[in-house]
Amino acid sequence: MNHNASTTVACVLGCRAASGRPYPAQAGYLTCDPCALELRATLRELVELYALTEDAAVPGAADVGVRTSSGYGPRSPAVDAVVALTDPRSATEDGEPVGVLGVLSTWADTVRADTGVRPALTEAERRDGALLVNWLDWVGAQPWAGAVLSQLGALRTEVSGTLGLGQRTVSGEVSLLVNWLDWITRQPWVADLAAEVTSLHRQMRAALGLLDKFLPVGQCPVDTGRGRTCGAALRVRVGAARIVCRVCGTSWPRAKWDTLSVAQGTPLSDTAELSAWLGVPAGTLRRWRSEDKWTRHGDKARPLYDRAEALASWSRRRANAAATSA
């Protein structure tokens, strides 16, 4: 990134340093590097989540063999949410898109228009372009066109792509946004784009039922140089053998999770972190917390608990289970 700009501004994505003060943006940009990398990772994960929606949008797809009553019952709210996110026609009353492809296409078109990577067409120009593509298809179907078929195909692809007449895809729109992210993070609307992408990501995870399968661990403490840490949000799937930072790629096997907690600067953890550390569901930990009277630290927004107390509860129940099975 460019380091020539002398004016220091706060990262517009709202991140803060450990002291609580706004984190500075990278020189010449409106975001810091960790936030830019996090936005890139979130965009790419949208493609992976979107690929999971085909099965999720079919009612009962995951319940093969389960007997149900005849007739048409109410749709699952989760299925409705998936349909709303994947239907290109989904929009607000004001016509603003709410589906994943619609939102991403709106931002991709902004990039195309502002950078000139693709000309903005009027409806009349779009119709003329479609006629040209259709004519190329007709020529390619003629028996005498065999000798130039490959050239016609290449020309059709180029015309369709340049004029924006090809079928839009989530992966294609994300690819454009990721390729132009260095430019995007210097634009005054980058915070709006990041907010909508983050909202889509959260909605997709909720619609697919993934919110409870990944637990937050904390922030990545890896030193990235110049006195800065990676700071990306770390998540772990319940039962996973290691935690992997999706931004810098550092991984911690289960044996080093306690070291990771110490590196984050606190001997206390919230329920989600304890769940990832011990491999115990968060609901079970809440029951242990009540039964064993753990001391509560932190604040109301994020209560924290002594890791030693949680480990003692876990060890005691493990020992009881072993004695019972003996």
note = Output for Cβ contacts, cut-off 8 Å, separation at least six or different chains, first residue within 18 Å of Val280 (Cα to Cα) in the range 232-251, second modelled with pLDDT under 80 and of a type in the set (Ser, Thr, Tyr), reads Val238/Ser275
message = Being on the phi > 0 side of the Ramachandran plot and open to solvent by less than 30 Å² (accessible area, probe 1.4 Å) is true for just one of Gly279, Gly249, Gly298, Gly225. Which residue is that?
response = Gly225
ask   = Residues in the range 235-243: is at least one under 24 Å from Ala41 (Cα atoms), touching a Gly at 6+ places or on another chain (Cβ under 9 Å), buried (at least 20 other Cβ atoms within 10 Å of the Cβ) and among the aliphatic types (A, V, I, L, M)?
value = no
ask   = What is the one condition in (1) at pLDDT below 85; (2) of a type in the set (Ser, Thr, Tyr); (3) part of a helix (DSSP H, G or I) that Thr224 does not satisfy?
value = (3)
request  = Scan the range 180-187 and give yes if some residue there is surrounded by 15 or more Cβ atoms within 10 Å (Cβ to Cβ) and within 16 Å of the chain's Cα centre (by Cα), otherwise no.
outcome  = yes
Matching residues in the range 195-219 - criterion: being at pLDDT below 85, closer than 21 Å to Leu43 by Cβ and open to solvent by less than 60 Å² (accessible area, probe 1.4 Å) = Met204, Arg205, Ala206, Ala207, Leu208, Leu210, Phe214
Condition check for Trp252: at pLDDT 80 or above, among the aromatic types (Phe, Trp, Tyr) and closer than 25 Å to Pro34 by Cβ = yes
query = Which ones in the range 276-321 are more than 25 Å from Arg242 (Cα to Cα) and either in contact (Cβ under 8 Å) with a residue 60 or more places away in the chain or among the acidic types (Asp, Glu) (or both)?
reply = Glu291, Asp292, Asp299
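The values are calculated or read from the model by the stated rules, or taken from the named source; none is laboratory data. Everything numeric in this text was worked out from a predicted model, so none of it was measured. In this analysis, Cβ positions are derived from the backbone assuming ideal geometry, glycine residues included, and neighbour counts consider all displayed protein chains. When the accessible area is computed, the model is the full protein with side chains, heavy atoms only, and any ligands, DNA or RNA have been set aside. Shrake-Rupley method; radii C 1.70, N 1.55, O 1.52, S 1.80 Å.
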